[in-house]
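Accompanying notes for the structure given below.
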Amino acid sequence: MKNFIGAIAIILLWNACKFNGDHKTLPILGKKQAVTKTVDGKTTTDTVYQTIPAFKYINQYGDSITDKRLDGNIYVADFFFTTCPSICPVMHRNMLNVYNAFKDTTGFKIISYSIDPQHDSVPVLKKYADKLGIAGNTWWLLQGTKNETYQLAKNYLVSVQEKNPAGEYIHDGYFILIDKQKRIRGTYEGTDPKEVNRLIDDIKTLKAEPGETKVQ
Amino acid sequence: MKLRAASAIGFILLSLVTVIFVSCQSDAEVEFQRYYSNGGAIYQARCQNCHGAHGEGLQALIPPLNDTTYIKTNKPALACYIKNGMKGKIVILSRHFEGEMPASDLAPVELASVLSYISNSFGNKLGIVKSEQVEENLKGCK
């Protein structure tokens, strides 16, 4: 009997270890489409994944930031506003851990889209960044137009809505991990430190992914 | 066998002593525990997002609650700050803050509970803050 339990324990342990092996790959999230192409008489079917579309914003330094500036980068995105009384402080307390883990890594960025661009002007975003203790070009806080941001949020699988009667914005606290091909590779509850640790692990996994080179 | 009986008696005696000790916990202690644990729940739901699980605050955006001198010297004003919100420059542990805390709709007894909690957590040890005292302090709000 003892041997039997021991054997089971070993099998369980071995399986558990397999998951943590070097070959873990992150899923690709969002919509998928099968695209059939005929090249030189040969028909092939490829899966095309949802990607983040083009966008144009201004960061806390007043620089124009488009999706092009993120080409070749792995990045984490979230949606917030500087006067947010509810979940944003805890999201950014947790995002600071991500920032501190990767701020010296090239090819990695964090972008926080403001969902209240009327209030969150460039100087307001800069002041917020200073108070948060972030500098350099690893973490951008972005101001754009409300419409664009609300549309864009959907592409990140995040839901944001207009102010409710109490004057609060209802929005998700998700952190979204995007790969170099602008595909969604993970979503994490930004208010939960455990989820954010999982994000930090997943960024390491994604950085090591062999396929993480720009195709096309 | 004798040993068993002895240890059983010992156990019963010990239990008795414990029961007596617990029931002798003074009314004041019980009252404090009630305020403190209710306050902890309110803190978690209404304050922790901003001020942090350990009262550590958030960088230069949100001040910490672990400056025992600040909490002590400003104790009578805290109920007003938490009820009506707070804005403007403050200095905590020689760090400057200029933020805005939104007003809350907490009732006096809830304010008393959350104040009892923060005044006895994060290194603070200032004893109970009662509902009547909060009502008194609220009269003096600017």
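Below is a table of values for the structure above.
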{"item": "Positions within the stretch A:32-45 being surrounded by fewer than 10 Cβ atoms within 10 Å (Cβ to Cβ) and either in contact with a Leu (Cβ under 8 Å, 6 or more places away or on another chain) or of a type outside the set (A, V, I, L, M) (or both), in sequence order", "result": "A:Q33, A:T36, A:K37, A:T38, A:D40, A:G41, A:K42, A:T43, A:T44, A:T45"}
{"item": "Every residue from the stretch A:127-141 that is open to solvent by less than 50 Å² (accessible area, probe 1.4 Å) and more than 10 Å from chain B (Cβ to nearest Cβ)", "result": "A:A129, A:G136, A:T138, A:W139, A:W140, A:L141"}
{"item": "Residue list for the stretch B:111-130, filter: surrounded by fewer than 16 Cβ atoms within 10 Å (Cβ to Cβ) and of a type outside the set (D, E, K, R)", "result": "B:G123, B:L126, B:G127"}
{"item": "Top-ranked residue of the stretch A:110-126 - restricted to ones that are free of Cβ contacts under 8 Å to residues at least 40 places away in the same chain and open to solvent by 10 Å² or more (accessible area, probe 1.4 Å), ranked as nearest to A:I178 (Cα to Cα)", "result": "A:P117"}
{"item": "Qualifying positions in the stretch A:169-203 - farther than 24 Å from A:V48 by Cα and of a type in the set (D, E, K, R)", "result": "A:D172, A:E189, A:D192, A:K194, A:E195, A:R198, A:D201"}
{"item": "Any hit, the stretch B:38-49, residues being over 16 Å from the mean Cα position of the chain (by Cα) and within 14 Å of chain A (Cβ to nearest Cβ)", "result": "yes"}
{"item": "Top-ranked residue in the stretch A:90-104 [being open to solvent by 10 Å² or more (accessible area, probe 1.4 Å) and without any contact (Cβ under 8 Å) to a residue 60 or more places away in the chain; ranked as nearest to the other protein chains (Cβ to nearest Cβ)]", "result": "A:R93"}
{"item": "Any chance B:H96 is assigned to a strand (DSSP E or B), within 14 Å of chain A (Cβ to nearest Cβ) and open to solvent by 40 Å² or more (accessible area, probe 1.4 Å)", "result": "yes"}
{"item": "Some residue of the stretch B:62-82 being without any contact (Cβ under 8 Å) to a residue 24 or more places away in the chain, within 14 Å of chain A (Cβ to nearest Cβ), closer than 16 Å to B:F122 by Cα and surrounded by 19 or more Cβ atoms within 10 Å (Cβ to Cβ)", "result": "no"}
{"item": "Counted residues, the stretch B:28-43 - those being more than 13 Å from B:E110 (Cα to Cα) and open to solvent by 70 Å² or more (accessible area, probe 1.4 Å)", "result": "2"}
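Let's see how each residue does on (1) at pLDDT 95 or above; (2) among the hydrophobic types (A, V, I, L, M, F, W, C):
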{"site": "B:S15", "(1), (2)": "no, no"}
{"site": "B:I20", "(1), (2)": "no, yes"}
{"site": "B:D27", "(1), (2)": "no, no"}
{"site": "B:I42", "(1), (2)": "yes, yes"}
{"site": "B:P64", "(1), (2)": "yes, no"}
{"site": "B:A77", "(1), (2)": "yes, yes"}
{"site": "B:S104", "(1), (2)": "no, no"}
{"site": "B:V109", "(1), (2)": "yes, yes"}
{"site": "B:S116", "(1), (2)": "yes, no"}
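The values are calculated or read from the model by the stated rules, or taken from the named source; none is laboratory data. This one's a predicted model, so the numbers in the text were calculated from it and none came from an experiment. With ideal geometry, Cβ positions are generated from the backbone for all residues, glycine too; neighbour counts draw on all protein chains shown. Quick note on the areas: whole protein, heavy atoms, side chains included, nothing else; ligands and nucleic acids left out. Shrake-Rupley method; radii C 1.70, N 1.55, O 1.52, S 1.80 Å.
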